[in-house]
Amino acid sequence: VLFVGTLKEHGVGQVLDLLAEYAPSGVTPPWIRAADDAGNESVVTAEGPFLASVFKVTSDQHVGKICYLRVWRGTLPADGVAWNSATGNPVKLANAHPSRPQGKELQPCPSFGAGDVICVTKLEELKLGATLAEPAHRATVPPPAYPVPMVQFAIESKVKGDEHKVATAFHKIQDEDP
């Protein structure tokens, strides 16, 4: 048990020192394993070819689809092309405006590396849980385990012509929260 007084910052430095000493590294967590095409698993390290996974998807009315990526290792290849595990097709990330989330704003980032969280926009083929890797070094990271839903609802439109609007809204919700 740690006691901290945030008003005068009593003990905050000690808590940060404790986290730096005993918490696992955010750059190379030892529990993350990547599997290649042959099914061989290996521990992910910071060095190596580009590997990232989509852990959050949101929709913005002005920007469109925003995908949050956790970069596990490497940097984006020079041509900006990565392999998408969800579709098996290449994705051009250079055209997706890689940026860093800063609150509600997206700040452009020219470079990023292992341990970084970045956002890419306007890539409709990316799905929650997808892995992006260099095309020559395909690998997948297992998606996080999501809790089982506890509540179910049935929704129908009041007006006959609104089915298309409801279906569009449901597709956006399904992309964000499967």
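The values are calculated or read from the model by the stated rules, or taken from the named source; none is laboratory data. Treat the numbers as computed from the prediction; the structure is a model and nothing was measured. When we count neighbours, we look across all protein chains shown, and the Cβ atoms used for this are built from the backbone with ideal geometry, even at glycine. Please note that ligands, DNA and RNA were not included when accessible areas were found on the heavy atoms of the full protein model with its side chains. Shrake-Rupley method; radii C 1.70, N 1.55, O 1.52, S 1.80 Å.
Considering region 95-116, and only residues there that are part of a strand (DSSP E or B) and touching a residue at least 12 places away in the same chain (Cβ under 8 Å), the residue that is nearest to LYS56 (Cα to Cα) turns out to be PRO101.
Does VAL151 satisfy being among the β-branched types (Val, Ile, Thr) and either in contact with a Cys (Cβ under 6 Å, 6 or more places away or on another chain) or over 23 Å from PRO77 (Cβ atoms) (or both)? Yes. What do you reckon, is VAL27 in contact with a Gly (Cβ under 8 Å, 6 or more places away or on another chain) and either under 30 Å from ALA169 (Cβ atoms) or surrounded by fewer than 12 Cβ atoms within 10 Å (Cβ to Cβ) (or both)? In short, no. The residue that is most open to solvent (accessible area, probe 1.4 Å), among those in region 30-73 that are closer than 20 Å to GLY88 by Cα and outside any strand (DSSP E or B), is ASP37. Of TRP72, TRP83, all but one fail to be aromatic (Phe, Trp, Tyr), closer than 23 Å to ALA35 by Cα, touching a Gly at 6+ places or on another chain (Cβ under 9 Å) and at pLDDT 85 or above; the exception is TRP72.
Just to be sure before I move on: is VAL148 among the hydrophobic types (A, V, I, L, M, F, W, C) and within 23 Å of ASN84 (Cβ to Cβ) in the structure I sent? No, not satisfied. Kindly indicate whether LEU76 is touching a helix residue (DSSP H, G or I) at 6+ places or on another chain (Cβ under 8 Å), open to solvent by 80 Å² or more (accessible area, probe 1.4 Å) and assigned to a loop (DSSP other than H, G, I, E, B). Spelling it out, it is not the case that LEU76 is touching a helix residue (DSSP H, G or I) at 6+ places or on another chain (Cβ under 8 Å), open to solvent by 80 Å² or more (accessible area, probe 1.4 Å) and assigned to a loop (DSSP other than H, G, I, E, B). Among the residues in region 57-67, are any in contact with a Pro (Cβ under 9 Å, 6 or more places away or on another chain) and closer than 24 Å to ALA145 by Cα? Yes, because at least one residue in region 57-67 is in contact with a Pro (Cβ under 9 Å, 6 or more places away or on another chain) and closer than 24 Å to ALA145 by Cα. Step by step: first the residues of region 119-178, then only those that are assigned to a helix (DSSP H, G or I) and within 15 Å of the chain's Cα centre (by Cα), then the one that is surrounded by the fewest Cβ atoms within 10 Å (Cβ to Cβ). Which residue is that? For region 119-178, the residue satisfying everything is GLU176.
Results for (1) modelled with pLDDT under 85; (2) out of contact with any Pro (no Cβ under 6 Å at 6 or more places or on another chain); (3) under 26 Å from PHE50 (Cα atoms), shown as yes or no for each residue.
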site	(1), (2), (3)
PRO101	no, yes, yes
THR121	no, yes, yes
ALA136	no, yes, yes
PRO149	yes, yes, no
ALA154	yes, yes, no
PHE170	yes, yes, no
GLU176	yes, yes, yes
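Pull up region 1-24, narrow it to residues that are under 30 Å from VAL71 (Cβ atoms) and of a type in the set (Asp, Glu), then point me to the one that is least open to solvent (accessible area, probe 1.4 Å). For region 1-24, the residue satisfying everything is ASP17. Residues that are open to solvent by less than 30 Å² (accessible area, probe 1.4 Å) and farther than 24 Å from ARG138 by Cα: does region 89-103 have at least one? Checked against the condition, which is being open to solvent by less than 30 Å² (accessible area, probe 1.4 Å) and farther than 24 Å from ARG138 by Cα, region 89-103 yields no hits at all.
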